[in-house]
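Below is one structure, written out as structure tokens, with a few remarks after it.
The values are calculated or read from the model by the stated rules, or taken from the named source; none is laboratory data. Predicted model, so just to flag it, every value in this text is computed and none were measured. Cβ atoms come from the backbone with ideal geometry, glycine included; neighbour counts cover every protein chain shown. Quick note on the areas: whole protein, heavy atoms, side chains included, nothing else; ligands and nucleic acids left out. Shrake-Rupley method; radii C 1.70, N 1.55, O 1.52, S 1.80 Å.
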Amino acid sequence: MCNLLGVVPPDPAQADDRQNAYVFERNVVFQYPDGTSSIKRIDLYKRGCFVLEAKQGSEKSGRPDALFPELNKKQKKGTAVRGTKGWDDAMIAARGQADQYAREIARAEGWPPFLIVADIGHSIELFADFARAGRTYLPFPDPRGHRILLRDLEREDIRERLRTVWTEPLALDPSRRSARVTREVAAQLARLAKSFEEGGHAPEKVAAFLMRSVFTMFAEDVELIPKGKFTEFLESLREDLSIFPQMMEELWQRMNTGGFSPILKTKLLQFNGGLFAESSALPVTRQQLELLIAAAKSDWRDVEPAIFGTLLERALNPIERHKLGAHYTPRAYVERLVLPTIVEPLREEWQAVLAAAVTLARNGDTEGAAGEVEIFRRKLCSTRVLDPACGSGNFLYVTMEHMKRLEGEVLDALEGFGEKQTALEYTGLTVDPHQFLGLEVNPRAAVIADLVLWLGYLQW
């Protein structure tokens, strides 16, 4: 696999573990509360990159291997037969084993950003903690795409993902790109806001106009509006700027009610969160239209809600605008509060529920296992979070994101215990913005917090 990825293979292990930065069978010392210790071995370790735990599953008897026909001869059973509950349990246990190895080796060498669980010759599962705090190794890039099957290695994007895990794992942290895109978008919005205010428009009206514009651009990029339609509409107005306000107002009125839009020549969903209940638009100059078009062409799917609220508040506030390039509370600082107070207690409860469910499934009670998980799912989707000084919603958004990640793992577990994903999606039970409540004395910040939560939710 190293040859396929174009990365160097592991080094031979040496007697001095300080030299064993990238080796098979890396020693790790486990310290126990009674003062004793034992030495265990990590299957494959690369310092600063990953801990890998390997298992060896097997195919069901008589199932042909289409990718490697030479493997169709009778094989040993291995850890468990793939596609069975036993195999799922073995992979969950391997993930726990990798987590324990990471915890012990972190004492001397720091937390690796990735855990890898491999079923040799079949699949590779990735879990990431870019904060390198060891508290939340989450499926990467998400709970639906973290398992890479052997056949997926034919894809260059998959090989590049693994290559980066081996060589520069922190480059895969999506918040790095998101932060850059978010700063660029906020700078464009600040220029627009300043331009409108210099044209004599009140800051409150400018802010409301730009927030409606922002959401419309975002809706286009997540395809709640047909892809490219809004940007094409803006570009078409270059020929006659005088009709811009009326055309925008017509579009936003249709978004508020739903139905066919003659502006975009398509049927629109109803955006009933209240943002478009007031639909007034400002007239624009050619320069302002070009700035709107440039903002619309940004990839709004990559905007980071955890910092967007702060930057948007600064962009729309004439007094705060000069601080646009200044320090803002980074995600890591937000998580220092959010993880121990909300996320870790929920995850500890989830691990206990999952362990109980796995035990029931092993004893043949799959229905009971699914029932245990469903009870936790309902609790997760009814848990409410209050930020009594929410500002522009950064802390609420990060909390929601972590709860959405946990929800994905719960849904995957339910599917593993026999529940169909499509049925789960139609129950209407999900973690959503209604669970995340805030108090805020600044009216504009409160509206931005609402916008941030819905942008983040719709990204998920």
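Numerical summary
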item: Of the criteria (1) over 30 Å from residue 262 (Cα atoms); (2) open to solvent by 60 Å² or more (accessible area, probe 1.4 Å); (3) at pLDDT below 90, which one residue 179 fails; result: (2)
item: Criterion: closer than 22 Å to residue 298 by Cβ and open to solvent by less than 70 Å² (accessible area, probe 1.4 Å) - qualifying residue of 202, 190; result: 190
item: Enumerated helices (runs of 4 or more DSSP H) restricted to the stretch 383-460, each holding at least 1 residues that are in contact with a Phe, Trp or Tyr (Cβ under 8 Å, 6 or more places away or on another chain) and either modelled with pLDDT under 85 or surrounded by 16 or more Cβ atoms within 10 Å (Cβ to Cβ) (or both); result: 394-416, 443-459
item: Residue list for the stretch 258-268, restricted to those being surrounded by 12 or more Cβ atoms within 10 Å (Cβ to Cβ), out of contact with any Pro (no Cβ under 8 Å at 6 or more places or on another chain) and outside any strand (DSSP E or B); result: 258, 263
item: Of residues in the stretch 119-172 being in a helix (DSSP H, G or I) and of a type in the set (Ser, Thr, Tyr), the one surrounded by the fewest Cβ atoms within 10 Å (Cβ to Cβ); result: 167
item: Residues that are in contact (Cβ under 8 Å) with a residue 40 or more places away in the chain, in contact with a Leu (Cβ under 8 Å, 6 or more places away or on another chain) and open to solvent by 10 Å² or more (accessible area, probe 1.4 Å), drawn from the stretch 213-247; result: 215, 222, 224, 226, 238, 241
item: Which numbered condition residue 322 misses (of (1) exposed (fewer than 15 other Cβ atoms within 10 Å of the Cβ); (2) under 21 Å from the mean Cα position of the chain (by Cα); (3) modelled with pLDDT under 90); result: (2)
item: Pairs, first closer than 18 Å to residue 18 by Cβ and hydroxyl-bearing (Ser, Thr, Tyr) in the stretch 28-41, second assigned to a strand (DSSP E or B) and open to solvent by 100 Å² or more (accessible area, probe 1.4 Å), C-beta under 6 Å, six or more apart; result: 37/31
item: Odd one out for residue 368, checked against (1) of a type in the set (Gly, Ala, Ser); (2) surrounded by fewer than 19 Cβ atoms within 10 Å (Cβ to Cβ); (3) within 19 Å of the chain's Cα centre (by Cα); result: (3)
item: Some residue of the stretch 133-141 being closer than 25 Å to residue 337 by Cβ, of a type in the set (A, V, I, L, M, F, W, C) and in contact (Cβ under 8 Å) with a residue 40 or more places away in the chain; result: yes
item: Residue 377 open to solvent by less than 10 Å² (accessible area, probe 1.4 Å) and out of contact with any Cys (no Cβ under 7 Å at 6 or more places or on another chain); result: yes
item: Qualifying residues in the stretch 1-27 (those that are open to solvent by 30 Å² or more (accessible area, probe 1.4 Å) and in contact (Cβ under 8 Å) with a residue 40 or more places away in the chain) - the one farthest from residue 80 (Cα to Cα); result: 6
